[in-house]
Each structure stands twice: as structure tokens, then as C-alpha cells.
1. Exactly one condition in (1) under 23 Å from residue 83 (Cα atoms); (2) part of a helix (DSSP H, G or I) is false for residue 315; which is it?
2. What number of residues in segment 273-285 are under 23 Å from the mean Cα position of the chain (by Cα), touching a residue at least 40 places away in the same chain (Cβ under 8 Å) and surrounded by fewer than 20 Cβ atoms within 10 Å (Cβ to Cβ)?
3. Of all residues in segment 218-232 being touching a residue at least 12 places away in the same chain (Cβ under 8 Å) and assigned to a helix (DSSP H, G or I), which is nearest to residue 110 (Cα to Cα)?
4. Kindly indicate whether residue 349 is closer than 23 Å to residue 95 by Cα, under 18 Å from the mean Cα position of the chain (by Cα) and surrounded by fewer than 22 Cβ atoms within 10 Å (Cβ to Cβ).
5. Just a yes or no: is a residue in segment 165-174 out of contact with any strand residue (DSSP E or B) (no Cβ under 8 Å at 6 or more places or on another chain) and touching a residue at least 24 places away in the same chain (Cβ under 8 Å)?
6. Of the residues that make up segment 118-141, is at least one at pLDDT 95 or above, surrounded by fewer than 21 Cβ atoms within 10 Å (Cβ to Cβ), in contact with a helix residue (DSSP H, G or I) (Cβ under 9 Å, 6 or more places away or on another chain) and within 13 Å of residue 50 (Cα to Cα)?
7. Can you find a residue in segment 333-346 that is in a loop (DSSP other than H, G, I, E, B), at negative phi, crowded, with 19+ Cβ neighbours inside 10 Å and touching a residue at least 40 places away in the same chain (Cβ under 8 Å)?
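The values are calculated or read from the model by the stated rules, or taken from the named source; none is laboratory data. Predicted model, so just to flag it, every value in this text is computed and none were measured. Note that each Cβ is placed from the backbone with ideal geometry, even for glycine, and that neighbours are counted across all protein chains shown.
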């Protein structure tokens with residue numbers, strides 16, 4: 001039997017005093033920070049509808065020959081898409097532009113009570129389809145490339161299965177496909193939720209509720225240890241800015257349109273229809289086996305929100321003979337912002353598209 005840890009009162013008092021001193025220094029550092037910008041790369045609005053804004057990012061040089069086919073980024077509804085363009089040295093968008101790609105992004109905005117009855121059909125066959133048509137017409141291209149991220153990747157799979165004539169290549173990133181893998185904690189948590197009672201009672205689902213759910217997947221790390229370690233992180237302005245930008249994004253959680261949320265939880269999380277069959281978006285049956293275009297599936301090996309097995313399941317359910325995977329040794333957020341991902345993920349996407357141009 002091991003001996004219990006002996007705590008000396010003088011050592012505890014010294015550690016508490018040191019922490020208090022570091023905390024005071026951290027607060028002083030925070031007062032020096034300027035306003036935190038959301039997104040850093042120059043962009044222009046090419047289309048607007050309701051809350052949605054479609055952006056085109058401006059590169060410092062013309063797209064390469066292989067980048068002549070536009071790339072539309074479809075982000076999740078749950079968080080804000082500026083995670084892909086957080087800082088100049090932590091920007092997936094900038095990396096894609098440097099790879100010679102012509103990049104567009106859907107910003108879903110912040111749903112309110114007017115959006116309570118929006119459905120997945122409205123989002124996928126409505127908003128996404130109209131954005132695709134705008135880009136196709138503006139660029140004079142019959143088909144475009146789509147890069148779907150997280151829930152946006154799931155939407156992109158559904159869209160491609162129904163509108164393959166408009167999509168040349170599909171990239172999915174940290175995208176849930178099989179929602180019932182053994183390590184899918186979100187899947188287990190939502191399995192017995194009375195989703196009808198929840199939506200009928202609340203209408204739109206508060207972003208704070210979902211954010212609390214995500215944080216509780218790793219409560220000690222994401223809600224405890226992180227803030228204890230914060231006094232070390234905030235010791236200088238650069239690291240403090242990095243930390244606060246991440247905090248801003250984490251807690252910038254839009255509400256979710258009630259009907260769309262109901263359908264996503266019921267059909268995807270609870271009934272796993274994307275892989276088990278029977279999924280209908282509007283009046284159309286979605287069958288991943290109908291996807292025959294090239295597909296690149298990018299996933300993170302340490303992803304706690306979308307486990308690797310959930311993403312890897314894609315290769316067993318699509319009809320494409322041109323399917324490849326790119327793995328990132330990191331987590332769900334690190335795949336956008338880590339220095340390692342900046343050097344590997346955008347170039348890999350650019351190379352893969354170049355080979356299929």
C-alpha cells in the first residue's frame with residue numbers, strides 16, 4: 001500500500017501565494033490586449049440570404065491552374081466558421097489560398113425565432129444548393145469542389161448524394177458518418193433524449209446548452225485544468241491573445257433552428273440513418289452509395305467529438321472508387337489551428353485536388 005501524499009502547510013501556502021501572484025500578472029496582461037478580430041483574411045460577400053452570407057476569400061495571387069475550380073467550405077451550424085481563419089499564422093483558409101485554391105465559405109449567422117421551423121431540407125437542398133449555383137454561375141463552372149467540416153461534412157455528403165452533377169470533388173474533414181461507433185460519447189448521450197419534448201419546449205436550442213454538452217465530454221481538462229493552467233498561458237501578450245481567441249470561439253455558440261436540430265438528432269444520432277439507410281432530406285432518399293466522385297476524408301486521430309472510427313466508416317458506404325484518407329495526429333480543434341496542421345493539411349488538400357483537376 002502506497003503512503004498518502006503529505007501536504008506541508010508551508011508548502012501549500014507558498015504555492016497559493018505563487019498562484020495568486022501569477023494570477024495578478026495574468027490580469028495585467030489581459031488589460032493590454034486589443035480587440036479580438038474574428039477572421040483575418042480579406043474576403044468579399046458574393047451572396048446573402050436570410051442570416052446566411054457567402055464569402056469569397058481574396059488571395060495575394062491568382063489561383064493556380066488546378067485551383068480554377070472553386071472550393072466551397074460548408075461549416076457546421078454549431079460553432080462559428082472563423083475557426084478556419086483564426087490568425088495569420090493559424091489559418092486553414094490562408095493555407096488553402098497558398099495552395100492555389102479559389103476558396104468560398106458559408107457563414108450561417110445566428111438563427112433566431114424566425115428560423116425556428118427551418119428543416120435540414122431548407123439548409124441542404126435550399127441554402128447550400130443556392131450557394132453552389134451562385135458560385136457555378138459566377139465562375140462559369142458546371143461543377144465545383146466542396147469541403148465539408150464536422151456537421152458541415154455530413155451535410156456535404158447528403159448534398160453530394162443528391163446533387164452529384166454539381167460537385168466535382170468532395171473533401172470531408174472531421175466529419176461524423178457512423179454515429180453509433182462504440183467510442184462515440186455524443187451518440188451515447190443523445191440515444192435516449194426525448195428530442196420532441198426538448199424542441200417542442202424550447203423551440204430553438206440554445207447555443208449555451210450545446211456548448212456545455214461539448215465541454216462536459218472532457219470536463220476536467222476543458223473546464224478545470226485549463227483554467228488552472230491559464231496563469232502560465234497568460235504570461236505574455238502573444239500567448240494571452242492566442243488563448244483568448246480560442247475562448248472567444250468556444251463560447252461563440254449560435255442557437256440551433258429547432259426543427260433542423262430535431263431531425264439531425266433523431267435521424268443521425270439516434271437512428272443512424274446515414275449508414276443504416278432510410279434517411280430522407282425533403283422528399284429525397286439519401287444513399288451514400290450514390291456518390292461516385294473522388295472523395296478525400298480527413299480526420300483527427302485524437303478527436304473526442306468525432307471519433308476516428310465514425311469518420312473512417314465513410315469508405316464502407318460510398319460508391320466511389322477514388323477514395324483516400326488523410327490522418328492528422330491531433331484533436332478536433334488542432335486540425336484547424338496547430339502549427340503542425342498548417343504545414344500538412346492544406347497542402348495535402350491542394351495536392352489531392354491538383355491531381356484531379
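1. Going through (1) under 23 Å from residue 83 (Cα atoms); (2) part of a helix (DSSP H, G or I) one by one, residue 315 breaks only (1).
2. So the count comes out to 1.
3. So, considering only residues that are touching a residue at least 12 places away in the same chain (Cβ under 8 Å) and assigned to a helix (DSSP H, G or I), the one nearest to residue 110 (Cα to Cα) is 230.
4. no
5. No, because not a single residue in segment 165-174 is out of contact with any strand residue (DSSP E or B) (no Cβ under 8 Å at 6 or more places or on another chain) and touching a residue at least 24 places away in the same chain (Cβ under 8 Å).
6. Yes, the conditions are met somewhere in segment 118-141.
7. Yes, segment 333-346 contains a residue that is in a loop (DSSP other than H, G, I, E, B), at negative phi, crowded, with 19+ Cβ neighbours inside 10 Å and touching a residue at least 40 places away in the same chain (Cβ under 8 Å).
One line per residue, one yes/no per condition, for (1) touching a helix residue (DSSP H, G or I) at 6+ places or on another chain (Cβ under 8 Å); (2) under 24 Å from residue 355 (Cα atoms); (3) modelled with pLDDT of 95 or more:
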site: 143; (1), (2), (3): yes, yes, yes
site: 147; (1), (2), (3): yes, yes, yes
site: 163; (1), (2), (3): yes, yes, yes
site: 170; (1), (2), (3): yes, yes, yes
site: 177; (1), (2), (3): yes, no, yes
site: 189; (1), (2), (3): yes, no, no
